[in-house]
Amino acid sequence: MQSMLQRHFVLLGLVILFGAPARAEKLDPARIEQITGLKGALNTNENVFKVTAPRNDVKIAVDGWTMPPFMGLTSWAAFTEAKQEEAMVMGDLVLFQDEVNPVMSAALDGGLSVTALHNHFFFDEPKVYFMHIGGEGAAGKLAGGVRKALDKVKEIRMANPQPLTKSGGTPFPAQNSISGKSLEDILGVKGQEKDGMLKVVIGRTVKMPCGCEVGKEMGVNTWAAFAGTDDNAVVDGDFVVLENELQPVLKRLRGEGINIVAIHHHMTDEQPRVLFLHYWGRNKAASLAHSLKKALDAQNAAK
């Protein structure tokens, strides 16, 4: 009992000396609207202020049916008070193929996290993708990150009102002739060569609910496949990442000009939980390999 009383008086003394812990400021909906440039609505039951941006700038057809934004083609960001920070945000951005990666870079540069990227439909014209965002911090900074992402959408559509269906890059070589050994040296991984192409695979291990350990050959791996020529190459592949590794790897890949095409999980109930991000890049083969090595280094640093 004496020990409990002593702790109580110590805590009371600390409060008197330093003051009570500061509470997060209440959200200012008007300020969020001003920064994002969007109108919002406050849900008082959940204390959430949500702004929305319907994608009514481009006609979207799903299976031949012109789909109104009300049916799920609306970008949104929801703000609420956080425990340790002033606020947190979660949202979903409706994007076209030529918007995804520039908008992802804008969101990451704006202090937001990108947590998923996937499709919601089949037979959609133009193809639509959904990028989930999140973050914690000052409400104004989070709102500014959302604004940066949405401004990038407007910038792209002003330059090309209709979404692009091709990158417009250099045509692919007629034959593959990748110098595999030089790429293996850059990556520090031995690969498999076939018909002028190279593929490298790096495994990691997780445990499934059955107690079974699964790894490289069961699909828990990071891989990269190179094709084309040394001066005109393409790379595609996966990164398998722990949750705390996702943002550093995304930032490094986008900083190197590598396109992210999907972020999702492949399994359920694995330990530790892993996510998969799929990527695609065009450049000289050695440049692509150096870019991937930087992303691998960023992943290892996050471990």
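Here, each number is a calculation from the coordinates, and none is a lab measurement. Source: prediction; values computed, not measured. Neighbour counts run over all protein chains shown; Cβ positions are idealised from the backbone, glycine included.
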Springs between alpha-carbon pairs under 10 angstrom, Gaussian network model over the chain: which of Phe226, Phe122, Phe276 fluctuates most? Phe122
What is the count of Lys pairs in the stretch 178-295 whose alpha carbons sit under 13 Å apart, if the two are 8 or more places apart or on different chains? 6
Along each principal axis, Cα extent of the stretch 149-303, largest first, Å: 52, 41, 25
Gap in Å between the Cα centre of the stretch 28-89 and the Cα centre of the stretch 250-303? 29
Length gained if Lys284 through Asp28 is fully extended, taking 0.36 nm per residue and subtracting the Cα-Cα distance, is 87.3 nm
Counting other C-beta atoms within 10 Å, which of Phe121, Phe172, Phe96 has the fewest, and how do the rest follow? Phe172, Phe121, Phe96
Could you grab the relative contact order for the stretch 175-265? Cα pairs under 8 Å, six or more apart, rounded to a whole percent. 22
At 222 nm, what helix-only mean residue ellipticity would the chain give, in deg cm²/dmol to the nearest 500, using -39500 (n - 2.57) for each DSSP H run of four or more? -10500 deg cm²/dmol
Using Cβ contacts closer than 10 Å as the measure, can you line up Met158, Met90 from fewest to most? Met158, Met90
Size of electric dipole in the chain: Cβ of Lys, Arg +1 and of Asp, Glu -1, about Cα centre, debye, nearest 20: 440
Counting only C-alpha contacts under 8 Å and six or more residues apart, can you give the relative contact order of the stretch 47-185 as a whole percent? 24
Compute for the chain: radius of gyration divided by Kirkwood radius, i.e. Rg/Rh, restricted to C-alpha atoms, rounded to two decimals. 1.06
Residues Arg31, Arg147 arranged by fewest to most Cβ contacts within 10 Å: Arg31, Arg147
Cα principal axis extents for the stretch 44-197, largest first, Å: 62, 44, 27
